[in-house]
Amino acid sequence: MQVLNFGSLNIDHVYRVPSIVAPGETLSSISYATFAGGKGANQSVALARAGADVFHAGCVGADGNWLVEKLRGYGVDPSFIRVVDGPTGHAIIQVDEVGQNAIVLHAGANHCVSRKHVADVLAHFKPGDTVLLQNEINDVPAIIAAAYDQKLNVCLNPAPFDKSVLHYPLDLLHTLVVNETEGAGLAGVSETDGILDTLAARLPKCEIILTMGRKGASYRSPDTRFTIPAVQVAAVDTTAAGDTFIGFYLARRATGDGAEAALKTACAAAAVSVTKQGAMDSIPRLADVS
């Protein structure tokens, strides 16, 4: 089974800071570095490193050609990435001394996806293949509907979350992956069991995964429910933990693992990723995940 990730590609500007900057405050950074990123690109690398046959679709500006080549070097097929006028999407990321982050995004080329581009790309995939989406590109609802019409299994990670997600055709999803903030925004409740119960009632045919950081991850399908504990590590940078989790989970499902085994591997991979700095470059290989 093939996986198509229709997602963002960003240039990440990462600043190590003593603490996350407060309103009106000016801080000197401890260090600065540039990394390849974007939730979409990160998840594609995680998929590839976990053993999936993954294709990435999206848009970059001329300044982002190095991102395309970097994905290729990680084993992602970038054939469906198009170069458009304007800047590549980018992020300004603060990372504090305990590994927490704050991120400002500029969409750039990520919001230049056209309906024709979508149709041309989806035509290369067959029923049963998986389409992965996040919320950093334009026209996500239309892509969900088009992929569903072609009998592709659609997985949505609605990050970064905003109220527009409430109007997406979520009933067409095969899999929904949310963290506690995204889950609370969708469900209208903040308690873990309440999030899962509410989303399961609204989306009775969907596999729902709730990631909870140090508390692990919970899974709910029409007939199964379980929680996998997190692997406890000393975090250096949590930037790509969620992206690593999603990529490893979908890759292991695509290669035949059941939900519980895939979730265990995803939790372990996310734990490895937070012990390293950066986004894409922190994603482990399957062989490095115990």
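The values are calculated or read from the model by the stated rules, or taken from the named source; none is laboratory data. This is a predicted model, so every value here is computed, not measured. Every residue, glycine as well, gets a Cβ built from its backbone with ideal geometry; the counts of neighbours run over all protein chains shown.
Data table
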item	result
Residue that is surrounded by the most Cβ atoms within 10 Å (Cβ to Cβ) [pool: residues in segment 157-184 that are under 12 Å from the mean Cα position of the chain (by Cα) and aliphatic (A, V, I, L, M)]	Val177
1 or more residues of a type in the set (S, T, N, Q) and buried (at least 24 other Cβ atoms within 10 Å of the Cβ): qualifying strands (runs of 3 or more DSSP E) within segment 56-151	130-133
Residue in segment 267-290 that is modelled with the lowest pLDDT, counting only those that are small (Gly, Ala, Ser) and in contact with a strand residue (DSSP E or B) (Cβ under 7 Å, 6 or more places away or on another chain)	Gly278
Among the candidates Thr265, Thr244, Thr275, Thr255, residue that is on the phi < 0 side of the Ramachandran plot and under 15 Å from the mean Cα position of the chain (by Cα)	Thr244
From the options Asp96, Asp149, residue that is over 16 Å from the mean Cα position of the chain (by Cα), among the charged types (D, E, K, R) and closer than 30 Å to Ser29 by Cα	Asp96
Selection from segment 185-215 of residues that are surrounded by fewer than 19 Cβ atoms within 10 Å (Cβ to Cβ) and closer than 26 Å to Thr239 by Cα	Gly185, Gly188, Val189, Ser190, Glu191, Thr192, Asp193, Met212, Gly213, Arg214, Lys215
Residue, surrounded by the fewest Cβ atoms within 10 Å (Cβ to Cβ), within segment 223-237, restricted to residues that are in contact with a strand residue (DSSP E or B) (Cβ under 6 Å, 6 or more places away or on another chain) and not acidic (Asp, Glu)	Phe226
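One line per residue, one yes/no per condition, for (1) of a type outside the set (Lys, Arg); (2) within 18 Å of His56 (Cα to Cα); (3) at pLDDT below 95:
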residue: Asn135; (1), (2), (3): yes, yes, no
residue: Asp139; (1), (2), (3): yes, yes, no
residue: Ile143; (1), (2), (3): yes, yes, no
residue: Ala146; (1), (2), (3): yes, yes, no
residue: Asn157; (1), (2), (3): yes, yes, no
residue: Pro160; (1), (2), (3): yes, no, yes
residue: Tyr168; (1), (2), (3): yes, no, no
residue: His174; (1), (2), (3): yes, no, no
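To keep it simple, each residue is scored yes or no on (1) over 19 Å from Thr244 (Cα atoms); (2) touching an Asp or Glu at 6+ places or on another chain (Cβ under 8 Å); (3) in contact (Cβ under 8 Å) with a residue 60 or more places away in the chain; (4) hydroxyl-bearing (Ser, Thr, Tyr).
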| residue | (1), (2), (3), (4) |
| --- | --- |
| Lys116 | yes, no, no, no |
| Ala119 | yes, no, no, no |
| Asn138 | yes, no, no, no |
| Ala146 | yes, no, no, no |
| Val154 | no, no, no, no |
| His167 | yes, no, no, no |
| Val177 | no, no, yes, no |
| Gly183 | no, no, no, no |
